[in-house]
1. Just one of (1) assigned to a helix (DSSP H, G or I); (2) touching a residue at least 40 places away in the same chain (Cβ under 8 Å); (3) among the aliphatic types (A, V, I, L, M); (4) buried (at least 21 other Cβ atoms within 10 Å of the Cβ) trips up ALA93, so point out which.
2. Within the set of pairs 6+ apart or on separate chains, which have a first residue in the stretch 133-145 that is in the same structural domain as MET18 (by TED's automatic domain parsing) and surrounded by 17 or more Cβ atoms within 10 Å (Cβ to Cβ), a second that is at pLDDT 80 or above and not hydrophobic (A, V, I, L, M, F, W, C), and C-beta atoms under 6 Å apart?
3. May I ask you to say which residue of LEU32, LEU47 is modelled with pLDDT of 90 or more and in contact with a His (Cβ under 9 Å, 6 or more places away or on another chain)?
4. Only one residue in VAL434, VAL422 is at pLDDT 75 or above, within 27 Å of THR123 (Cβ to Cβ), part of a strand (DSSP E or B) and not small (Gly, Ala, Ser), so which one is that?
5. Being outside any loop (DSSP other than H, G, I, E, B), under 22 Å from the mean Cα position of the chain (by Cα) and at pLDDT below 90 is true for just one of SER113, SER87. Which residue is that?
6. Being of a type in the set (A, V, I, L, M), at pLDDT below 90 and crowded, with 17+ Cβ neighbours inside 10 Å: is that true of LEU105 here?
7. Which of the following residues is free of Cβ contacts under 8 Å to residues at least 24 places away in the same chain, under 24 Å from the mean Cα position of the chain (by Cα) and farther than 30 Å from ASP409 by Cβ: VAL300, VAL282, VAL286?
8. Report, by residue number, each residue of the stretch 120-160 that is of a type in the set (S, T, N, Q) and over 25 Å from MET336 (Cβ atoms).
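The values are calculated or read from the model by the stated rules, or taken from the named source; none is laboratory data. If you're wondering where the values come from, they're calculated on a predicted model, not measured in any experiment. Heads up, the Cβs are rebuilt from the backbone with ideal geometry, glycines too, and the neighbour counts pull from every protein chain shown.
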Amino acid sequence: MNALERRSVAALASVYAMRMLGLFMVMPVFVLLGSDLEGATPALIGLAIGIYGLGQAVLQIPFGMLSDRFGRKRMIYIGLALFAIGSLLAASAESIYVVIAGRILQGSGAIASVLMALLSDLTREEERTKAMATVGISIGLSFSLSLVLGPLLGAVFGLSGIFYVTAALAGIAVVIVHRLVPTPHQHVSSADTQPARDMLSRVLRDPRLLRLDYGIFALHLVLTAVFLVFPTLLQEQFGLPSSSHWWFYLTVMVTSFFAMVPFIIIGEKKRKMKPVLCGAIVLLTVATAAIGHVSHALLVAWGVLFFFFMAFNLLEASLPSLVSKESPAAAKGTAMGVYSTSQFLGAFLGGSLGGILLEHAGLQGVIWLMVGVLLIWLLVALTMPAPGYTGSFVVQLQHEAPAHFDDIDESLRRLPGVQDVVILEEADTAYLKVDRRQFDALSLADFPFVRPIKEP
């Protein structure tokens, strides 16, 4: 990357991270601190935790489409303003209903798709994979950090303090976008980062992608529901005050992260991703079921959460990569849009359904919800074909090439290793889905009308 690209990617990744940090920090403490709010019930607390996901799921793609018309940075400012207003509303609330309204406003600032579109505008095609990976890393770090900062801030400033810090993070993000992120002169159409309407039906009919979409839906439903029950267990059953939860989560997250790395390597390098994926789902299911049967030993509870997050981190890291590999050519942005929507819907239902079950069926009701959803996922994963090991390859077609696009399409499909071809005529660009063991980029030199421009 050149200096401008590095600055843009770092700035956008930090904005994404601060926003996700603000959304996640309340999760490990809300069930404890939110019980003092007027009108609070387990069902409403669960709704307050997960309701942001509904706004994210519904408005993510509309925000991206509006940014095409009104500008990326303008929509980012609007989204961050909504996020800040929602945070301030929740911070000033004495009623659970006002907090729910604030969380809805937080979620309605759905700028994830706009940030990715702006990333596309400000990076070259050949650097975009690195840029997206940087954003992904920032999201993972923000989640881990939120489990530590949430209990620390809650112990010092209370629930309102967490929301005030979240509003301040939104203000800092506005300054970063204004001062550090360049304003693009034109919007760049990229199948890697932006959803396309004409690809949506194809993505929604792909059984491989639908299995992965259900996977991220289940994963975040369970994650949200876990924080309805586990903080209470730590405080009431093990006598660990909420002010000390931070070190518990910190040690779990650090050790579980390193524990899952070898399995990622085995899955990718040894091409054993399906067994690794199914094994992680089994581990996650067993750890989730064990939450309802932990003894009074804190070390046992630590071990259960360690295996939970070991499996969670492995799945969270693997699923986006699998979506990218399984996506049809020129449909990666659309596939990731559907994937993200499924993730946020899972968070919403995990909070709302989990809260209802907690109120009416107690801890075991929430456990059964999570285990049932995970068992369905295990069945779905066991019946799916082994994931492919394909990659994307983008070629630039020579402008006003004498060959007809149909002829170019047919010629490209005849190359060894090419599984799919989509040509965007208006952009003079072809997206190839290739098996890297068989595909040789040098073979494109035989086509005078095609110029390779990247291999991620």
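1. Result: ALA93 passes all but (1).
2. Once the first residue is in the same structural domain as MET18 (by TED's automatic domain parsing) and surrounded by 17 or more Cβ atoms within 10 Å (Cβ to Cβ) and sits in the stretch 133-145, its partners that are at pLDDT 80 or above and not hydrophobic (A, V, I, L, M, F, W, C) give VAL135/TYR16; SER138/TYR16.
3. When all the criteria are applied, what remains is LEU32.
4. Sole residue among the options that is at pLDDT 75 or above, within 27 Å of THR123 (Cβ to Cβ), part of a strand (DSSP E or B) and not small (Gly, Ala, Ser): VAL434.
5. Checking each option against the conditions leaves just SER113.
6. no
7. Answer to the selection: VAL286.
8. SER160 - this is the single residue of the stretch 120-160 that is of a type in the set (S, T, N, Q) and over 25 Å from MET336 (Cβ atoms).
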